[in-house]
Amino acid sequence: MNKKGYFGEFGGSFVPETLVACLKELDAEYSKARRSTAFRKELSYYLSDFAGRPTPLYFASNISRILKLKVYLKREDLLHTGAHKINNTLGQVILAKRMGKKRIIAETGAGQHGVATATVAALFGLTCDIYMGQEDIVRQRLNVFRMQLLGANVIPVKNGSQTLKDAMTEALRDWVTNVRDTYYIIGSVAGPHPYPVMVRDFQAVIGEETKKEIVKITKRLPDYLVACVGGGSNAMGLFHPFFKYKKVKFIGVEAAGLGIGSKYHSATLVAGKLGVLHGSKSTVLQDKYGQIKIAHSVAAGLDYPGVGPEHSFYKKIKRAQYVAVTDNEALEGFKFLSEKEGIIPALETAHAIAYLKKLSKKAKKNSLVVLCLSGRGDKDMDIVYKRI
């Protein structure tokens, strides 16, 4: 960052005046917590004994043979709640407890962040409200039931596209009104400062573990890191600890939906422009008047018209390459991993799996690839059943 809260020209804090003091308080509290031995010790305990870290780095021998690559899967799908989201929600709920907050709110798309938030709220005995778009409630009804079973109140959002963007908007409105007793757990590396930095730091455990594991197994660093990108937390968690290793190439895989040439995609970094969304200056999908477009993806967790500012920075400085995979290609990736490795991935992760086939045609034979398997596919069974 060249100045606090910015990654080059991206980032910052573009929020209503009522949130400025709250964000400063959060920034100050997080700065203290990250230096606190007690905070780090408590987080480490819950990450290991409650969430199930470290996660294994698994050699996918069957798809490696087929693709003529050496593919290792970072198994975040094996974590408690079934995805990487728990890494961040545990860190933030411990921070909320330190700040004396009694109520937790969150936004969710695919429901994985909502489930992880409801889980940690139950663990620490806090009231929990989750904002979720009405369309996503229909698509992800299993996760809605899981949140409710965990004691959370799921609030339907019926504005706009009724998806993740609108859920985040409503959560921010709630926070503005209830800043005194409420803590907002943002689920990705998006939003106003300090959230992009904070969420990245909590998710960096993915990359830190991967670095140790891959060197132990193969005696070297990978050639490629591959991860799906919606808001971008699992990808940034994998990428960031490898930032200074320039020979390790980063590939972020976005949702091309029905095609980049159509109106129905979520490929923000591939097809977006500089703008402001949810308190942060980053790359967004917008029309010629600056109005935010409606995003589309078969994967509810990628269905977002913005992206974390650090990803925009990585693209600008050419540290990472961002590509896009269509709904149909993602469904093929879903089937491919399920049939060849006995692992059913989340539809979000299936986008990254699908890209491996394209990478195999460009990369050198037996290139070493680590792919972040960010979540499992239980939540997507209804969607996939209707599509394949």
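The values are calculated or read from the model by the stated rules, or taken from the named source; none is laboratory data. Just so it is clear, the structure is predicted and the values come from calculations on it, not from any experiment. With ideal geometry, Cβ positions are generated from the backbone for all residues, glycine too; neighbour counts draw on all protein chains shown. Remember, those area values only see protein heavy atoms, side chains included, never the ligands or the DNA or RNA. Shrake-Rupley method; radii C 1.70, N 1.55, O 1.52, S 1.80 Å.
Within region 263-308, track down each residue that is more than 18 Å from the chain's Cα centre (by Cα) and β-branched (Val, Ile, Thr). Residues satisfying the conditions are 276, 292, 294. Of the residues making up region 64-88, just one is β-branched (Val, Ile, Thr) and surrounded by fewer than 23 Cβ atoms within 10 Å (Cβ to Cβ), namely 66. Candidates are the residues of region 108-160 that are at pLDDT below 95 and small (Gly, Ala, Ser); the one that is farthest from residue 187 (Cα to Cα) is 160.
Just to be sure I understand, how many residues within region 267-284 are open to solvent by 10 Å² or more (accessible area, probe 1.4 Å) and assigned to a loop (DSSP other than H, G, I, E, B)? The total comes to 2. All conditions but one from (1) open to solvent by 20 Å² or more (accessible area, probe 1.4 Å); (2) β-branched (Val, Ile, Thr); (3) part of a helix (DSSP H, G or I) apply to residue 206; the one that does not is (1). Scanning region 338-362 for residues that are more than 23 Å from residue 267 (Cα to Cα) and either in contact with a Gly (Cβ under 7 Å, 6 or more places away or on another chain) or not hydroxyl-bearing (Ser, Thr, Tyr) (or both) yields 339, 340, 341, 342, 343, 344.
If you go through region 285-309 and keep only what is touching a Gly at 6+ places or on another chain (Cβ under 9 Å), open to solvent by 10 Å² or more (accessible area, probe 1.4 Å) and more than 30 Å from residue 142 (Cβ to Cβ), you end up with 286, 290. Look at region 365-388: where a residue is within 15 Å of residue 301 (Cα to Cα) and modelled with pLDDT of 90 or more and a partner is part of a loop (DSSP other than H, G, I, E, B) and open to solvent by 70 Å² or more (accessible area, probe 1.4 Å), sitting 6+ places away or on another chain with Cβ atoms under 6 Å, you get 377/344.
Note on region 335-363: residues that are assigned to a helix (DSSP H, G or I), open to solvent by 10 Å² or more (accessible area, probe 1.4 Å) and either modelled with pLDDT under 95 or not small (Gly, Ala, Ser) (or both) total 8.
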